[in-house]
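The values are calculated or read from the model by the stated rules, or taken from the named source; none is laboratory data. Values in this document were obtained by computation on a predicted structure and should not be read as measured data. Please note: Cβ atoms are built from the backbone with ideal geometry, for glycine as well, and neighbour counts cover all protein chains shown. We work out accessible area using only protein heavy atoms, side chains counted, and drop any ligands, DNA or RNA first. Shrake-Rupley method; radii C 1.70, N 1.55, O 1.52, S 1.80 Å.
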Amino acid sequence: MRKLNSSHWENVEELEGLLFFAQVIDEMLFDYTLDSYKPLALNCRLLCVECLSTIEEVRNGFMPKKNLQSIIEELRWSLDKDWAAKELLGKKFDFYKLQLKPNDIKLNELENTISFLYNHFNDKKYLEQIKITLKSYIENKKEKSKIKYLTGSLLTELINYGYHPHHIDYQNYQHFFNSSKKSKIDNIDNLNEFFSIFNFESSEYTVVFIGSILFKEFKKTLNGYNIVVTKTYNCFSKIKEDIDFEKSRLDLESFIICSKVKDLDHHSAMESSEKFLGQVTNLFNFFHHKQKPEIKDKCVVSRNSDNYVVVIDKPIKSVLKTKNDEYPDVAAQSVEKVLETLELRRESTYRFSRSIDLHSAALTASALENQILDLWAALETLIPKSIESNQDRIVQLSEKLIPFLQINYIEKQFKELLSNLKNWNKEYLESLLNEVKCGITANDLEKIAALITLSDNKNLRLELYKELKDYPLLKNRIYSIHQLLNSPKNIKKALKNHEIKLNWHLRRIYRTRSLIVHSGSYPTYTPILIEHLHNYLDILISKVVELVGEMSIDTLEQVILEVKIILDYHNDLLEKHISEDLTLENYKESLLGIE
């Protein structure tokens, strides 16, 4: 989360809903935003698409019917939270939802119901309703949770209909936060202007890469696809980056000029051109194993209609979007620590090493299919199938992995919030934390937890809200976490809901992995699945390293057992306080599992 310039916004109090909307988009599309605050992988419309696709897979014998249960459960949950869907389905909404029966699945009936729902959402009807409903809540300003949910659904729609996330992010910044482009934001009409940017009108682009001279070997073939391999490139513009790009070609490199690329934006044109060139080079590599033609990260993209030029550095791959990436010197120290302390039995050592190899392979793979397959294989290597269990593989894996993702879930929320507040105003935060009622030995993380959740610190929270009048996103984050975790009962509920969502998401990743294996195809939302899967694997590996280094543990199975016990212990502490309010005496036990 970052606070962008809003000094050119007039009457911020009146336009708070609009500013919140723009700040939510900025956070959701940032590459390293916490998973919890990114757009949902699937909204109601896409859940219908996934359900219909899975029904087909079940009929073809590739998946068991029970795989549909989690999709139906998630669709029911999503419909309940989606006010745009409720508007589209009208007064009979609850009766439609009753037709979704996760525990009584009849394929023909389910297909008929889902197709009926999808008919209300397709042809961008759902997208248009999101805009209408979203505008009404933004004007109202009050219901921030609905604005956030609908904004996430809007982004999911735009991305899955073909707009690149970086293009949406760029347009959001230019429209709402760049005062040199827009000198004044003073009324709600700016929202309609923003929506109108995304009109789904394709343009023709020319994309220029610099690549290996090997491309010359099959340039005649590429000519048939409107791709020219040449040593000369006449700059599209006089901007410095374009001129520097033209000068950067080395002697053993060529310009690869892709013409007549039809797409919705510059980034999408770059991505589709790069994907085609990747397929060509993979085919070349099949016949010639020793060398593979490579292209450099930077490219120039020009929109032909107006010669609007953008110089693009290759976007960060989904598999590399992680907050766990250390600087080289710190990473070197981590390697030394692992080599010194990681003492596992032979079989566990082999599995751990193999998982690290697969993780590394995923990071270097260019194809999305290989990234998700390698990451999943790394996960399965660490959590092998139990021959003594009758449960399905995905059930076994979920039961053992989810505790790793649960034990630090609440702590992670507070760490992120602490970081956000420091970035906003470090001096003010330090002063505020000194006044927090939290107990004598509390560290900064525990002080933040006490500030946000305890009724004893209500006046301090109200003071903080006043200071955040032009930062509604951070103000709402504090309020939302307070509502989520302000009692042992609510904490238990939050952990249970998180477990359910993790279960749904792991099953979706597993279905996507199976789809790739069976058909070679993958859904449009695969990049965000890769981000989440990579994060899950990093959490698992990091916890293995941590516990093996600190405790008398010598197998991966013992690590899995210890994590399960840590979670059970926290749940037991929570249960002890379940009928109480959150207080100075019990907040550490309830929130963080600390006695």
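Here the stretch 1-33 is scanned for amide nitrogen atoms under 18 Å from the site 7 Å beyond the Cα of residue 183 along Cα-to-Cβ, giving 6-11.
Spin-label model, residue 412 to residue 547: label points 7 Å out along the Cα-to-beta-carbon direction sit 1.6 nm apart. Applying the Karplus relation 6.51 cos²θ - 1.76 cosθ + 1.60 with θ = phi - 60° to the stretch 156-169 yields 3J(HN,Hα) values of 4, 5, 4, 5, 6, 8, x, 7, 7, x, 5, 5, 4, 4 Hz, where x marks Gly and Pro. Give the aspartates and glutamates whose C-alpha is closer than 15 Å to that of residue 38, dropping any in the same chain fewer than 8 places away, or say none. Candidates past the 8-residue exclusion: 26, 27, 157, 169, 416, 531. Taking a ≥ b ≥ c as the square roots of the eigenvalues of the Cα gyration tensor of the chain, is the shape rounded (a/c under 1.5), prolate (a/b larger than b/c) or oblate? Taking the square roots of the gyration eigenvalues as a ≥ b ≥ c, the chain is rounded.
Note on residue 343 and residue 111: their simple-model spin labels are 6.0 nm apart, each label 7 Å out from Cα toward Cβ.
Over the stretch 163-251, Cα pairs under 8 Å with separation of 6+ residues give a relative contact order of 12 percent.
Here the simple spin-label model places points 7 Å from the Cα toward Cβ, and for residue 585 and residue 241 these points are separated by 6.0 nm.
Residue ranges 205-214, 548-557 sort as 205-214, 548-557 when ordered by packing (mean number of other C-beta atoms within 10 Å per residue, highest first). Judged by the gyration tensor of its Cα atoms, with axes a ≥ b ≥ c, the stretch 444-595 is oblate; a/c meets the 1.5 cut and b/c is at least as large as a/b. Of interest is the spacing of the C-alpha centroids, which for the stretch 416-456 and the stretch 493-518 amounts to 34 Å. Once C-alpha pairs closer than 8 Å and six or more residues apart are averaged by separation and normalised to the residue number of the chain, the relative contact order reads 15 percent.
Convex hull over the Cα atoms of the stretch 122-204, averaged projected area in nm²? List each step's numbers first, then the result.
Working: hull surface 24.7 nm².
It is 6.2 nm².
Take every pair of alpha-carbon atoms less than 8 Å apart whose residues are at least six positions apart; their mean separation over the length of the stretch 90-238 yields a relative contact order of 11 percent. Residue-wise HN-Hα couplings along the stretch 405-415, as the Karplus relation 6.51 cos²θ - 1.76 cosθ + 1.60 with θ = phi - 60° gives them from phi, are 7, 8, 5, 10, 4, 5, 4, 5, 4, 6, 4 Hz; Gly and Pro carry x. With the charge dipole of the chain set up from +1 on Lys and Arg Cβ and -1 on Asp and Glu Cβ about the Cα centre, the Cα lying farthest toward the positive end among the listed residues 21, 53, 360 is that of 53. For the stretch 403-456, the gyration tensor built on C-alpha atoms gives an oblate shape. Its axis ratio a/c (a ≥ b ≥ c) is at least 1.5, and a/b is not larger than b/c.
Reported value for the stretch 447-519: 105 Å³ per residue, from the convex hull of its C-alpha atoms.
Its Cα centre serving as origin, the chain has a Cβ charge dipole (Lys and Arg +1, Asp and Glu -1) of approximately 1420 debye.
Using the Cα centre as the reference, give the magnitude of the dipole from point charges on the C-beta atoms of the stretch 30-132 (Lys, Arg: +1; Asp, Glu: -1; all else neutral), rounded to the nearest 20 debye.
Details: 16 positive and 16 negative charges, 60 e Å.
That gives a dipole near 280 debye.
Estimated translational diffusion coefficient (Stokes-Einstein, Kirkwood radius over Cα pairs, 4 °C, 1.567 mPa s) of the stretch 46-145: 89 µm² per second.
With all protein chains kept in place, the per residue accessible area of the chain amounts to 49 square angstrom at a probe of 1.4 angstrom.
Which pairs, out of 81/141; 412/501; 141/496; 3/182; 124/182; 275/314, put more than 20 Å between their alpha-carbon atoms?
On the way: 81/141 18 Å; 412/501 17 Å; 141/496 30 Å; 3/182 18 Å; 124/182 29 Å; 275/314 12 Å.
141/496; 124/182, as the Cα separations exceed 20 Å there.
When you count, for each residue, the other Cβ atoms within 10 Å and take the mean per peptide, how do 456-465, 511-520 rank with the highest first?
Working: 456-465: 15.3, 511-520: 17.1.
Final packing ranking: 511-520, 456-465.
Atom-type composition of the exposed protein surface of the chain places 49 percent of the accessible area on carbon and sulfur (1.4 angstrom probe).
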